[in-house]
Amino acid sequence: MSEGEDIFLCFAPIKILFNSLKIFLRNKQIFISIFVLATLPLSFLIFSLSISTHQIRSQIYHLEAIARLSSTRFEARHVWHESRDDAIYLLRIKGLFFIPSYILSLIAAIAAVNSTATSFNGKRPSLQTVVTAVKLTWKRPVVATILVYGILLGYAAVSYTSRALTASRGSRFLVQVIGSGIEVYLMAVLSLGVVVSIMEDKLGWEAIKAGSGLMTGRRFCGWVLSGLFVVVSSMIASNLEMMDGQDSLLELSSFSSTVVIEVQDKMGLICLYGLAVLFSYVITTVFYCECRRRNVNRESVEQADTV
């Protein structure tokens, strides 16, 4: 690889971010519509779930700590039983939020990917093209996202087990750092695979494999872009946790009024996260289009050389 190519690879993430912003600003009307109709309600549901379950999550952590410090096995078993009941209740609440959140996430992904790719190719996206794309392509990303969730859950289990089996604190930290880096890369590949499932006639593992193939020569760029969204979402989550910690000190008589008040206080974070999700779809799609164009140009050059 030449020095010029090295410099290009270093600045490739900046170029993709810049092109993504240009596409976003050039099609403000359609992207604002996607934000209002899909990613903002999605963000609202995610934050509402976090706020409404903050107390029960804190209670589960508290019970687990008590169980570890219990002097007798009988007492620990009783505390673990109570913690398990709370955990089952928490899973039921998450299950109620999952279906509408998943539907909104799917619609937002298809709409944003289709609009971005249309604009990247020099055309003007519209609500009609978005609706048509959702109707025609929703089955492929459904299969892809189910596979993505399965892979991420499997990796999370492996990562947790690896940290648990590590003896010293230093080696545990090292395993966590390496595992986080691998997870960010895995998210980049899987995200690109979802975009492939929307844009191309590929299903499930075939779409993810195609996404990984498109990243050849630009894997570092994909890793950086994926890491950027992880950093932004982590910062938003940290601010949410800090605000939840402060709000837990307040004594309010009605649980429903507490949730409403906290949601109102966090509207800035809700809007910011909705924009971050939307922009992540735009960035991933621009990255896909750049990789696809690069592969087409490379194949053209190879065919010309053979001739």
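The values are calculated or read from the model by the stated rules, or taken from the named source; none is laboratory data. These figures come from a predicted structure and were not determined experimentally. Cβ coordinates were reconstructed from backbone atoms using ideal geometry, including for glycine residues, and neighbour counts include every protein chain displayed. In case anyone asks, the SASA skips ligands and DNA or RNA and just uses the protein heavy atoms, side chains included. Shrake-Rupley method; radii C 1.70, N 1.55, O 1.52, S 1.80 Å.
Determine which member of the set Leu104, Leu192, Leu152, Leu136 is surrounded by fewer than 15 Cβ atoms within 10 Å (Cβ to Cβ), closer than 30 Å to Leu37 by Cβ and in contact (Cβ under 8 Å) with a residue 12 or more places away in the chain. Spell out the reasoning first.
Values: Leu104 fails: surrounded by fewer than 15 Cβ atoms within 10 Å (Cβ to Cβ); Leu192 fails: surrounded by fewer than 15 Cβ atoms within 10 Å (Cβ to Cβ); Leu136 fails: in contact (Cβ under 8 Å) with a residue 12 or more places away in the chain.
Just a single option satisfies the conditions, and that option is Leu152.
Of the listed requirements (1) under 30 Å from Thr116 (Cα atoms); (2) in contact with a Lys or Arg (Cβ under 9 Å, 6 or more places away or on another chain), Ser180 misses just one: (2).
Condition first: under 22 Å from Ala156 (Cβ atoms), modelled with pLDDT under 85 and open to solvent by 50 Å² or more (accessible area, probe 1.4 Å). Can you find one or more residues in the stretch 207-221 that meet it? No, there is no match, as no residue in the stretch 207-221 is under 22 Å from Ala156 (Cβ atoms), modelled with pLDDT under 85 and open to solvent by 50 Å² or more (accessible area, probe 1.4 Å).
Residues of the stretch 163-174 that are touching a helix residue (DSSP H, G or I) at 6+ places or on another chain (Cβ under 9 Å) and either open to solvent by less than 50 Å² (accessible area, probe 1.4 Å) or of a type in the set (Asp, Glu) (or both): Thr166 alone. Close Cβ contacts (under 9 Å, 6 or more residues apart or on different chains) running from residues in the stretch 164-180 that are on the phi > 0 side of the Ramachandran plot to residues that are among the hydroxyl-bearing types (Ser, Thr, Tyr) and open to solvent by 90 Å² or more (accessible area, probe 1.4 Å) are absent.
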